[in-house]
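The values are calculated or read from the model by the stated rules, or taken from the named source; none is laboratory data. Since the structure is predicted, the reported quantities are computational estimates derived from the model, not experimental observations. Because the Cβ atoms are built from the backbone with ideal geometry, glycine has one as well, and the counts that use them run over all protein chains shown. What goes into the accessible areas is simple: the full protein's heavy atoms, side chains included, and nothing from ligands, DNA or RNA. Shrake-Rupley method; radii C 1.70, N 1.55, O 1.52, S 1.80 Å.
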Amino acid sequence: MLGSLVLHHPNPAAAAALGSLTSNNYLRLRALKINRHSGKKQAPPVTFGSQNSSLGYRRLVSPSTSSICAAVGEDSFKSSAVFTDDSSAVTMTDEEMESIGILSIDQALEPYKEHFKYRIKKYVDQKGLIETYEGGLEEFAQGYVKFGFNREEDGIVYREWAPAAQEAQLIGDFNGWDGSKHKMEKNQYGVWSIKIPNSGGNSAIPHNSRVKFRFKHGNEVWVDRIPAWIKYATVDPARFAAPYDGVYWDPPPSERFQFKHPHPPKPKAPRIYEAHVGMSSSEPQISSYREFADDVLPRIRANNYNTVQLMAVMEHSYYASFGYHVTNFFAVSSRSGTPEDLKYLIDKAHCLGLRVLMDVVHSHASNNVTDGLNGFEVGQSSQESYFHTGDRGYHKLWDSRLFNYSNWEVLRFLLSNLRWWLEEFKFDGFRFDGVTSMLYHHHGINMAFTGDYHEYFSEATDVDAVVYLMLANYLIHKILPDATVIAEDVSGMPGLGRPVSEGGIGFDYRLAMAIPDKWIDYLKNKNDEEWSMNEISCSLTNRRYTEKCISYAESHDQAIVGDKTIAFFLMDREMYSGMSCLTDASPTIERGIALHKFGHPEWVDFPREGNGWSYEKCRRQWNLVDTDHLRYKFMNAFDRAMNLLDEKFSFLSSTQQIVSSTNEEDKVIVFERGDLVFVFNFHPENTYDGYKVGCDLPGKYRVALDSDAYEFGGHGRVGHDVDHFTFPEGIPGVPETNFNNRPNSFKVLSPAHTCVVYYRVDESLEADVDETSIAEVVVGKENFEELGSVIDDGNVGPRAEKSGEGSSDD
């Protein structure tokens, strides 16, 4: 029930479904320092205007440190500029620069116009420089054809940017780890290179052999590092805490995976299943890409999802970092297989009509010196490094390094990384992790965002990072126009979800991260009678106009060890003893099944010293939903039905969104999305017979989805064959004379702790409409009929003392 209450605008998705909840929590620091999040996760009241809107613009202190960029300067907006939207380039004059699109959408941003002009100019200048010196952004973002290992007809060329190195060699299995015969040369830009000729007509470096970059730095010390652009990295599983090795990956044509299926069309609304491949098996082990493709993807498709979001794809040496402490940015996580195996997974998803998004981590990098990018840090200046120096280059809560987004080679590295995953692996888009940390110099640490616009546009804003994200979003949509790009941001930064051409940052969606916090807060701290319908409604509708959100009840953040899943909050230990259909459900289980309709029941815990390196809680218990006599099947069925409801009625993508009633006394919320009317009864005891609900269009309404249906573990109190006819309310076109500002109404039965969704029957098409209910589609007609007898009047079940006027079919 919690998962089906979706009020966000206009394309939310029910993210994090059964069997894929894994990662860290925003509100606390894990003892092992793998918590990548920061700041208090308080939801700002993201409305238009600012309490301190009179506070003016301050000059932003984040000048470029790149010598090329610095040549442009920051002093004026006088010259014409090439400003690009998501599809084409347009020339903007001084006058056009004054007309920033996002300001016309939200006039309360006008006091911060200089900020927008400043960052737009930095974006235009940076993009112009890239076009001048690199031939364009798309060409610039193909760094992987120049850096790292690249096969040519007569040999292999290897290049590495390491300006702080004094000498450098290439070592590996191919030369017995002796680099004396493979010394590299350095150019004026700090790029080391070497060409290794073929040997006997074959590559001198065998496919799948180990390689490393050896260099000497300022204190005359030689160190071995994994190449920054390496495409694959592995570790000896037989050695405890063994270092990773770079692997030269160049399979022969017979072993290269060939994609067979195109990108599925972009859906009107993504319905996202969040997954971690490694923990997707029922067995206490690390699952493979191919196992996930063959065993899990069909389950996801069967539950009517249209998008899969994959966590922990980029290589990370520490498994328990949930994939968020990346060590090798161009390499797939080798625990689950090879690059070709991941391609098989994505192609299989496309075959099933599923789009695949990747969790991309460009907000920080692992502090690991031996295995990761941080190994190239030897005390050099920020201009010669991937990261900022000093405190600015270190995230004290995440124990990780922070990128210097103004550095030319950092931009090349990160933008190329995005293109690599899109073109080599055919991903359909990204979820950018840790965006809040990128947007501000304070990274959100100890910052409770209130919605005051000055919190977003001041000297605290990291404009270099903002410009990088603008470039990234432009590039992604240029390469793949139908890409889906999501920002994980808790701050509510205005413009985050508006196009770059309007002065926005360019994301398609922002995660509505306050929603799961609201549910957890209620489950932890309030009894059912204390739940506020107004608070719930406000939390679910608290988003910026025209900026789309992905809303969800819980995700991996709520499932980590030390916290509880929603299912655990509701049912706790009774999940282990009270879920059999062969016995009557206890009040706890009744409430849990009624309020919670999807999600893996147990918490997530990666193998670590504290649990004896156990995989027991690092897996998905598919047996629970597959066992017919267990009640977990009911939650899975409702998960499937929710997605099917959108498949059938497309309500998530509709702009028709009205909350007509939030009744605190009755504990009822009524709202409309698209052509559907939703009635949520959160009261723990009261069932309302003949409850009056408002609607827009007159006519006949029937049940589209009922959380109290037998197939969802309910009591079947609402009749699905009942016609609900509307009555006109007040004077047409005069809302104040209507019922709850709606021109029509009808009456329903609303049992306690239920959600019932109604659709309007188009009588002109009624004879041709498939009247099979969502329930029958989900469980099959024969099973549906076995679940309970047909109720003629639809009003069987307990009645509260407080009831409405008449029966539901009056």
Residues within the stretch 357-412 that are of a type in the set (S, T, N, Q), touching a helix residue (DSSP H, G or I) at 6+ places or on another chain (Cβ under 8 Å) and in contact (Cβ under 8 Å) with a residue 40 or more places away in the chain, tallied: 10
Among the residues of the stretch 391-399, is any outside any loop (DSSP other than H, G, I, E, B), surrounded by fewer than 22 Cβ atoms within 10 Å (Cβ to Cβ) and within 24 Å of the chain's Cα centre (by Cα)? yes
Test Tyr112 against the criterion of being open to solvent by less than 10 Å² (accessible area, probe 1.4 Å), touching a helix residue (DSSP H, G or I) at 6+ places or on another chain (Cβ under 8 Å) and touching a residue at least 12 places away in the same chain (Cβ under 8 Å), and give yes or no. yes
Taking Val124 and the conditions (1) over 17 Å from Ser416 (Cα atoms); (2) in the same structural domain as Pro227 (by the TED database); (3) surrounded by 13 or more Cβ atoms within 10 Å (Cβ to Cβ), which numbered condition does it fall short on, given that it satisfies the others? (2)
Do any strands (runs of 3 or more DSSP E) lying entirely in the stretch 263-355 carry at least 2 residues that are more than 21 Å from Tyr232 (Cβ to Cβ), and which ones are they? 272-276, 307-311
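Here's the yes/no breakdown for (1) surrounded by fewer than 20 Cβ atoms within 10 Å (Cβ to Cβ); (2) within 39 Å of the chain's Cα centre (by Cα); (3) among the β-branched types (Val, Ile, Thr):
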site	(1), (2), (3)
Phe147	no, yes, no
Asp154	yes, no, no
Gln166	yes, no, no
Asn202	yes, no, no
Val221	yes, no, yes
Asp236	yes, yes, no
Phe259	yes, yes, no
Go through Val361, Val296 for me and flag whichever is outside the structural domain of Tyr232 (by the TED database), under 20 Å from Pro227 (Cβ atoms) and at pLDDT 95 or above. Val361
Please count how many residues of the stretch 479-518 are acidic (Asp, Glu) and not in a loop (DSSP other than H, G, I, E, B). 2
Here is a check on your reading of the model: is Gly599 modelled with pLDDT under 90 and open to solvent by 10 Å² or more (accessible area, probe 1.4 Å)? no
May I ask you to list the residues in the stretch 310-322 that are open to solvent by less than 10 Å² (accessible area, probe 1.4 Å), touching a Leu at 6+ places or on another chain (Cβ under 9 Å) and not hydrophobic (A, V, I, L, M, F, W, C)? Ser321
